[in-house]
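The structure under discussion appears below in the form of structure tokens.
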Amino acid sequence: IHVLEHVFDPVAVAHELVRVTRPGGLIVLVVPQTANLHEAPHHYQNFTRFWVEELARRLDCRGVRQEALGGAWSTTASRLVLAPLAVAGVRGRSAPTRRRGWRFWALQPLAALVTLVGVPASLLLSLADLEEEANNHLVVLRVPGGPGS
């Protein structure tokens, strides 16, 4: 889980997962749709539910389960919580060579205020979230062959 965004060719990795899984076996993935930059410089992409559906088709796997984890508001809360890590230059959360101008630093007090107000508000709104803006997708695929195919 949480690996495909860190490999340059996730479809090739998915094909390998199918190859090493017994016929009729299950592959469980969690893939991000709106993840903040993490594990930089090895964060290459995020995935929509449409990508997941197309992946299952290309692998000839049957989707057993696909569930949106979070939505627009929980994603907003996540971004607000994690943004200060990038500001602080935490390894893996920002580009090490990134230089920020005076406007960026001048606006940081406002950014802190938005974070303090926005996180609780976003978490409250996440109680009735928009699944089409999922933070992550939980995906369970059944490999062709074997029982249950």
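The values are calculated or read from the model by the stated rules, or taken from the named source; none is laboratory data. Here the structure is a predicted model, which is why all the values come from computation and not from measurement. Don't worry about glycine lacking a Cβ; one is built from the backbone with ideal geometry, like all the others, and counts go over all protein chains shown. To get the accessible areas, we keep the full protein, side chains included, count just its heavy atoms, and leave off ligands, DNA and RNA. Shrake-Rupley method; radii C 1.70, N 1.55, O 1.52, S 1.80 Å.
Taking the Cα centre of the chain as origin, sum charge times position over the Cβ atoms of Lys and Arg (+1) and Asp and Glu (-1), and report the length of that vector in debye to the nearest 20.
Here the chain has a charge dipole of around 460 debye.
Given the DSSP H assignment, sum -39500 (n - 2.57) over each helix run of at least 4 residues in the chain and divide by its residue total; what's the result at 222 nm in deg cm²/dmol, nearest 500? Please report the intermediate quantities before stating the final value.
Working: 5 runs with 61 residues, N = 149.
Result for the chain: -13000 deg cm²/dmol, rounded to the nearest 500.
With an 8 Å Cα cut-off and a minimum separation of 6 or more residues, compute the relative contact order for the range 1-131 in percent.
28 percent
Calculate what fraction, in whole %, of the accessible area of the range 26-123 sits on carbon and sulfur atoms when a 1.4 Å probe is rolled over the protein chains.
62 percent
For His137, enumerate residues with amide H under 5 Å from its amide H, sequence gap 5+ or separate chain, H modeled in the peptide plane.
Sorted by chain and number, the residues that satisfy this are Val31, Gln33, Leu69.
To the nearest Å, what is the center-to-center distance of the range 28-45 and the range 50-124, using C-alpha atoms only?
Between the Cα centre of the range 28-45 and that of the range 50-124, the gap is 10 Å.
Solvent-accessible area per residue for the range 1-133 at a 1.4 Å probe radius, Å²?
So the range 1-133 comes to 66 Å² accessible per residue, rounded to a whole number.
Would you calculate the convex hull of the Cα atoms in the chain and tell me its volume per residue in Å³?
Per-residue hull volume (Cα only) is 111 Å³.
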